[in-house]
Amino acid sequence: MPSDTHTETVVRRFRESDFEVTSVVADPADAQQVLYGTVTRNGVLVGSYYCTDRIRQSGWRAVTAHGEHLTFGDEPVELTYDGDAVFLLMKNAESPA
């Protein structure tokens, strides 16, 4: 691909119960690579997620609304798919504080 070619990006949204998921997607007509996204609940930010390996579209991490990675022990949780990150953020928001 020539260096002066720009990849199209679009924003996609869907609702699940009280949650809204917003994703930024590169190359929507072909590769459909999710770059990052956010999860809100009733209009309030729950967290965001991003891909650590854009080439393979794997290695997803979730970040809380307070700016902290969701962790297991001391390590950030590394998820296989973007949907896993969305699910984890939604479940984390539903759990009691």
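No value in this document is a laboratory result; all are computed from the given coordinates. Note that the structure is predicted; figures quoted are calculated from it, not measured. In this analysis, Cβ positions are derived from the backbone assuming ideal geometry, glycine residues included, and neighbour counts consider all displayed protein chains.
Among 17, 46, 62, whose Cα lies farthest out toward the positive end of the dipole of the chain, if unit charges sit on the beta carbon of Lys, Arg (+1) and Asp, Glu (-1)?
17
Would you mind calculating the gained length between residue 87 and residue 42 on full extension (0.36 nm times residue separation, minus the Cα-Cα distance), in nm to one decimal?
14.6 nm
Send over the per residue convex hull volume for the chain, Cα only, as a whole number of Å³.
Roughly 118 Å³ of hull volume per residue.
For segment 35-97, give the magnitude of the charge dipole about the Cα centre (Cβ charges: +1 Lys/Arg, -1 Asp/Glu; no others), in debye to the nearest 20.
Numbers: 5 positive and 8 negative charges, 47 e Å.
The dipole of segment 35-97 has a size of about 220 debye.
Under 13 Å from a label point 7 Å along Cα→Cβ of residue 10: give me every residue in segment 74-95 with its amide N that close.
none
Compute the length gained on full extension between residue 66 and residue 35: take 0.36 nm times their separation in residues and subtract their Cα-Cα distance, giving the result in nm to one decimal.
Net length gain for the segment: 9.1 nm.
Starting with the highest mean, order 21-28, 80-87 by the number of other Cβ atoms within 10 Å, averaged over the residues of each peptide.
Highest-to-lowest ranking by the protection proxy: 80-87, 21-28.
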